[in-house]
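Student: Right, I'll just put the structure down here and ask away after.
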Amino acid sequence: MATLNEIARDMVSDRRGILAADESIGTMSARLEGVGVTASDENRRVYRELIVTTPDLVDSISGVILADDTTRQKLSDGRTFPQALKDMGMLAGIKVDTGAKPLAGAPGEKVTEGLDGLRERIAEYVELGSSFAKWRAVITIGDGIPTERAVRANAHALARYAGLCQEGGLVPIVEPEVLMDGAHSLGQCQQVTRAVLRVLFDELDLMRVRLDSMVLKPNMVVAGKNCPEQPGVDLVAQTTVDTLRDTVPAEVPGIAFLSGGQSPELATRHLGAMQNCGDLPWELTYSFGRALVGPALETWRGDGARWADAQRALSVRAVANAAAR
Ligand code: 5MM
């Protein structure tokens, strides 16, 4: 049986990335309705089947993060999603957090929940065929925020989650996302991302999380969506790499970026430019959600006749990101 370190290295190796298809029921419903598809259990299942059965996905995707409902659903041929992924040579992941909720005493800030009963849920997900897990914390930049309170609360929860995963036999993807929402500058994003990662690695150390058996999933360092001054691709790449060099220990096998609302093409260009920022101790890869599946969902729109075109749209993004690595 592979060790957690071997699984973590496999997740980020050979130019492949990790596909985030773990939208919660609320998010997935909104995305389906956004393209005119009724939000139902069955339509979520069909859409996820379209995604995971995309021909040759295995060449650019090492694993797929699933939501709880998908992990329990079956493909039309009767296989469970984790089993089908395994048959195709990919790993199944599972989102185990239960969402970001308002943090008491911190207006405008959130803390991600889901630690209660997590040990037992991890045991069940291992039985269901999961090899890795994901937990996402969200940090907002705004007037007087983030506060140290919110940063520390989220880092503490991420570290406790990661420790439980490693104890129970799952590789934790640790995702502290500094959101692109707002008008903050590139410099402000760098300052906040650096502070968040410093506190995170303190907490991971305190909780004795084995850094060689996890994957970090951070935001790229970008300016806020509404910032009038948008930096160029090379500056984003260099600033992101500099920030990570300052904060992420070399034992971490891989860093898999989220796309965070960037266009699919821009996220890929940033990823490609980072590969030219000198020798790095970790693999730099992608764990995009929207930037991988967005074009496929837009193409499909619930029409069976566009199934193959939608899969081609996903394939184009996956191949472009693998090439960018
Ligand atoms: C796929 O979306 C994931 C789950 O979101 P919700 O729990 O809010 O429904 C999300 O965590 C995703 O994995 C990351 O944000 C990366 O996705 P993007 O679209 O930012 O690359």
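Student: Residue by residue through segment 20-39, note down the ones that are open to solvent by 30 Å² or more (accessible area, probe 1.4 Å) and not in a helix (DSSP H, G or I).
Tutor: Residues of segment 20-39 open to solvent by 30 Å² or more (accessible area, probe 1.4 Å): 24-27, 30-31, 33-34, 36, 38-39.
Listed by number, the residues that qualify are S24, G36, T38, A39.
Student: Something else about it: Go through segment 283-299 and give me each residue that's open to solvent by 10 Å² or more (accessible area, probe 1.4 Å) and either more than 16 Å from the ligand (Cβ to nearest atom) or in contact with a Pro (Cβ under 9 Å, 6 or more places away or on another chain) (or both).
Tutor: Within segment 283-299, E283, R290, G294, P295, T299 qualify.
Student: Another question, if that's okay. Please enumerate the residues belonging to segment 203-223 that are more than 20 Å from L271 (Cβ to Cβ) and in contact with an Asp or Glu (Cβ under 7 Å, 6 or more places away or on another chain).
Tutor: L211, D212
Student: Take K225 and tell me if it is in contact (Cβ under 8 Å) with a residue 40 or more places away in the chain, within 15 Å of the ligand (Cβ to nearest atom) and open to solvent by 40 Å² or more (accessible area, probe 1.4 Å). Don't jump to the end; show me each part of the working.
Tutor: On the way: in contact (Cβ under 8 Å) with a residue 40 or more places away in the chain: yes; within 15 Å of the ligand (Cβ to nearest atom): yes; open to solvent by 40 Å² or more (accessible area, probe 1.4 Å): yes.
In short, yes.
Student: So, in segment 181-200, exactly how many residues are farther than 11 Å from I139 by Cβ and either assigned to a loop (DSSP other than H, G, I, E, B) or open to solvent by less than 20 Å² (accessible area, probe 1.4 Å) (or both)? Step through it out loud before you land on a result.
Tutor: Applying the first criterion (farther than 11 Å from I139 by Cβ) to segment 181-200 yields 182-188, 190-191, 194, 198.
Right, trim to either assigned to a loop (DSSP other than H, G, I, E, B) or open to solvent by less than 20 Å² (accessible area, probe 1.4 Å) (or both) and you get 182-185.
Residues meeting the conditions: 4.
The rows are residues; the columns are (1) open to solvent by 10 Å² or more (accessible area, probe 1.4 Å); (2) under 17 Å from L4 (Cβ atoms); (3) hydrophobic (A, V, I, L, M, F, W, C).
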{"position": "L103", "(1), (2), (3)": "yes, no, yes"}
{"position": "P107", "(1), (2), (3)": "yes, no, no"}
{"position": "T140", "(1), (2), (3)": "yes, no, no"}
{"position": "P176", "(1), (2), (3)": "no, no, no"}
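Student: Here are the criteria: (1) more than 25 Å from I61 (Cα to Cα); (2) in contact with a Cys (Cβ under 9 Å, 6 or more places away or on another chain). Tell me which single one V96 does not satisfy.
Tutor: Here V96 meets the rest and fails (1).
Student: I've got another one for you. Take the residues of segment 252-266 that are crowded, with 19+ Cβ neighbours inside 10 Å and under 13 Å from the mean Cα position of the chain (by Cα): which is farthest from the ligand (Cβ to nearest atom)? Break it down into steps so the answer makes sense when it comes.
Tutor: The first filter runs over segment 252-266 and keeps only residues crowded, with 19+ Cβ neighbours inside 10 Å, leaving 252-260, 262, 264.
Applying the additional criterion that residues be under 13 Å from the mean Cα position of the chain (by Cα) yields 254-260.
Working: G254: 15, I255: 14, A256: 10, F257: 8, L258: 4, S259: 3, G260: 4 Å.
For segment 252-266, the residue satisfying everything is G254.
Student: Can you tell me how many residues in segment 61-70 are of a type outside the set (V, I, T) and buried (at least 24 other Cβ atoms within 10 Å of the Cβ)? Can you show your working first?
Tutor: Our first condition is that a residue be of a type outside the set (V, I, T); within segment 61-70, this holds for 62-63, 66-69.
From what's left, buried (at least 24 other Cβ atoms within 10 Å of the Cβ): 62-63, 66.
Result for segment 61-70: 3.
Student: Would you mention how many residues in segment 40-53 are open to solvent by 20 Å² or more (accessible area, probe 1.4 Å) and either assigned to a helix (DSSP H, G or I) or within 13 Å of the ligand (Cβ to nearest atom) (or both)? Can you show your working first?
Tutor: Residues of segment 40-53 that are open to solvent by 20 Å² or more (accessible area, probe 1.4 Å), as a first pass: 40-43, 45-46, 49, 53.
Then drop every residue that is not either assigned to a helix (DSSP H, G or I) or within 13 Å of the ligand (Cβ to nearest atom) (or both), which leaves 41-43, 45-46, 49.
Result for segment 40-53: 6.
Student: Also, I was wondering about something else. Does segment 214-221 include one or more residues that are touching a helix residue (DSSP H, G or I) at 6+ places or on another chain (Cβ under 6 Å) and in a helix (DSSP H, G or I)?
Tutor: Checked against the condition, which is being touching a helix residue (DSSP H, G or I) at 6+ places or on another chain (Cβ under 6 Å) and in a helix (DSSP H, G or I), segment 214-221 yields no hits at all.
Student: Out of (1) out of contact with any helix residue (DSSP H, G or I) (no Cβ under 7 Å at 6 or more places or on another chain); (2) within 12 Å of the ligand (Cβ to nearest atom), what's the single condition that is false for D116?
Tutor: (2)
Student: Does segment 144-155 contain any residue that is open to solvent by 10 Å² or more (accessible area, probe 1.4 Å) and within 18 Å of the chain's Cα centre (by Cα)?
Tutor: Step one: of segment 144-155, the residues open to solvent by 10 Å² or more (accessible area, probe 1.4 Å) are 144-149, 151-153.
After this cut, where a residue has to be within 18 Å of the chain's Cα centre (by Cα) as well, the list is none.
No, that holds for no residue.
Student: Go through segment 54-70 and give me each residue that's within 15 Å of the ligand (Cβ to nearest atom) and among the β-branched types (V, I, T).
Tutor: I61, V64, I65, T70
The values are calculated or read from the model by the stated rules, or taken from the named source; none is laboratory data. The model shown is predicted, which means the values in this text are computed figures rather than measured ones. No Cβ is skipped: glycine too gets one built from the backbone with ideal geometry, and neighbour counts run over all protein chains shown. Quick note on the areas: whole protein, heavy atoms, side chains included, nothing else; ligands and nucleic acids left out. Shrake-Rupley method; radii C 1.70, N 1.55, O 1.52, S 1.80 Å.
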